[in-house]
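Have a look at the structure below before the remarks.
The values are calculated or read from the model by the stated rules, or taken from the named source; none is laboratory data. Quantities reported herein were computed from a predicted structural model and do not represent experimental measurements. No Cβ is skipped: glycine too gets one built from the backbone with ideal geometry, and neighbour counts run over all protein chains shown. The area values use the complete protein model at the heavy-atom level, side chains included, leaving out ligands, DNA and RNA. Shrake-Rupley method; radii C 1.70, N 1.55, O 1.52, S 1.80 Å.
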Amino acid sequence: MKLFNIINKLNFTDADEAKLHQKTSRRDMFNMMGGTAKAAAIASVPFALTMMASSKKLKAVNLAGPVEDVLNFALTLEYLESEFYIQGLDSGIIASGDQPVFMQISKHESAHVVFLANYIDSLGTTPVSKPNFDFTAGGTFNPFGDYQQFLALAQAFEDTGVRAYKGGAAGLMSNDVALTAALQIHSVEARHAAEVRRIRGLKGWITQNQRGAGMPAQTQGVYDGEENLTQGGVNVSSISSVGSDGITEAFDEPLESQAVLNIANLFIVP
Amino acid sequence: MFKQKSEELNLINGSGLVSPSRRKFLMYAGAAVVTSSVVMAGCNKDDDDDIDADTVDLGSGDTGILNYAYALEQLEAAFYAKVVAEEYSGMTASERQILNDIEKHERAHAEFFKAALGSNAIVALQVDFSSINFSNRASVLGAAKTFEDLGVSAYNGAGKLLVSADFLTLAGKIVSVEARHAAAIRSMLDSDPKSFAGDDVVDANGLDVVRTPPQVLDLAKTYLKTKVSGNNLPS
């Protein structure tokens with residue numbers, strides 16, 4: 001087990017080195033590509049993820065495994081959520097009636113960071129370090145000066161977390177402990193999502209691909225694909241007495257890694 | 001091996017009940033299971049469980065786990081059907097909307113599993129809701145909270161028992177909706193603003209409850225007339 005970890009780590013490092021020596025970050029490369037080239041590049045590496053290296057440059061890893069890579073990706077998302085709520089609580093922007101809710105959510109996200117970092121470390125792998133965050137996304141948002149914007153980003157982060165863990169679960173199947181823990185985090189993110197949505201006056205579940213009233217257009221990627229009606233090869237709308245809205249609400253969808261990145265990278269800065 | 005399965009499953013464009021897709025789905029569900037099979041008393045490891053001709057055996061392998069999920073979804077669907085039909089006194093418009101939505105979701109889950117499992121699906125289970133007072137808000141929402149938290153813990157515990165990555169993803173698609181339900185019900189019922197993800201269900205590591213099939217079935221049997229055996233489920 002230990003040997004495999006070391007081998008994985010070495011492979012990971014080799015791939016990493018190549019990325020680190022590139023003059024241009026992966027994200028910049030995508031931005032420079034035309035639409036077709038971009039689509040082709042994404043299609044050819046469906047599980048490619050971009051994460052912060054200690055150098056603060058972006059690097060790609062594979063969400064299908066090894067387990068350590070999937071967990072480090074999850075850790076990056078947890079850093080994002082954890083930092084967002086810490087700054088939110090510090091800012092004083094949260095309505096007093098909602099503060100117990102966000103203290104509870106913050107407690108969980110910070111616990112996820114510690115848990116994942118410790119677990120990754122126990123596998124003999126170095127946990128990724130905390131990226132630098134800009135929750136204004138370069139001045140686009142004002143979450144710590146406008147409570148509605150804080151709530152909107154909280155919803156986007158929680159609904160993203162739910163989809164990201166769902167997408168990463170299969171990559172953890174070789175490790176029952178990691179898989180079960182990830183599922184246990186996944187359902188906590190879903191509880192958070194439902195509560196934030198309730199505070200925002202929305203249903204706790206996602207109808208079709210609707211991001212919901214008041215959500216910025218930049219968050220639509222969090223909801224695209226949620227309108228899926230086919231599950232396990234069965235077109236559920238053809239066999240169910242429930243209408244299509246209800247069916248889409250009844251099944252949450254995993255999010256492709258690139259879509260997770262598109263959201264997360266808005267808030268990660270060098 | 002999983003990769004190959006996954007690719008084949010992706011080829012399915014079937015239309016629900018009509019057989020190609022369902023047969024495909026079942027091919028991946030693994031071991032054949034006899035619907036409502038009679039389990040020999042001699043096979044019973046637990047003397048307290050009277051396994052007899054009326055006992056529904058969930059089966060083995062991934063099929064067994066899917067039937068386990070189907071059993072829980074049947075229970076939830078039957079419960080919410082009664083909740084929306086009988087409406088407890090004092091139900092507000094927003095509560096009605098939430099409960100109507102949840103009823104639809106659980107019905108869709110149950111109908112999905114029935115269609116997907118096809119001839120491998122367990123029979124319709126007979127429920128026992130005699131412990132619930134459907135005209136009383138606290139009784140109904142208390143039971144709803146129990147069912148949703150139980151469902152979350154069951155799916156969380158079943159994930160590692162599945163062999164197929166596709167079924168794992170499928171279970172993931174459902175469990176997060178159960179968790180959304182749990183949070184919504186808890187916020188309706190409990191005065192504690194932290195209850196949606198309360199310390200009674202989320203531990204110090206920020207992890208939700210996880211239960212094994214025997215633990216779940218033991219808690220669920222209070223609400224089931226039909227005896228359900230998970231003795232052949234993977235563990």
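Descriptive notes on the structure:
- A:Asp134-A:Ser244 FRET efficiency (beta carbon distance; Förster radius 51 Å; 0.05 resolution): 0.85
- Heavy-atom accessible surface of B:Asp128, to the nearest 10 Å², is about 50 Å², with a 1.4 Å probe and all protein chains retained.
- Amide proton proximity set for B:Ser229, modelled H, under 5 Å, gap of 5+: B:Val56, B:Asp57, B:Leu58
- Set B:Lys82/B:Lys227; A:Lys203/B:Lys194; A:Lys203/B:Lys221; B:Lys194/B:Lys221 screened for pairs whose C-alpha atoms are more than 25 Å apart: A:Lys203/B:Lys221; B:Lys194/B:Lys221
- B:Leu224 long-range amide H proximity, modeled H, under 5 Å: B:Asp128
- Legend: mean number of C-beta atoms from other chains within 10 angstrom of residue C-beta atoms, peptide B:95-101, equals 2.
- Förster-model FRET efficiency, 30 Å R0, B:Asn100 and A:Ile86, C-beta, rounded to 0.05: 0.20
- In order through the stretch B:83-89: 3J(HN,Hα) via Karplus (6.51 cos²θ - 1.76 cosθ + 1.60), integer Hz, x for Gly, Pro: 4, 6, 6, 9, 5, 4, 5
- Loop sites in the stretch B:86-151: chymotrypsin sites (Phe, Trp or Tyr not before Pro), DSSP, at most 12 other Cβ within 10 Å: none
- Shielding score for B:112-119, defined as the mean number of other chain Cβ atoms within 10 Å: 4
- Rounded to the nearest Hz, the phi-derived 3J(HN,Hα) couplings of the stretch A:194-209 under the Karplus curve 6.51 cos²θ - 1.76 cosθ + 1.60 (θ = phi - 60°) are 4, 6, 5, 4, 4, 4, 7, x, 9, 5, x, 10, 9, 8, 6, 10, where x marks glycine and proline.
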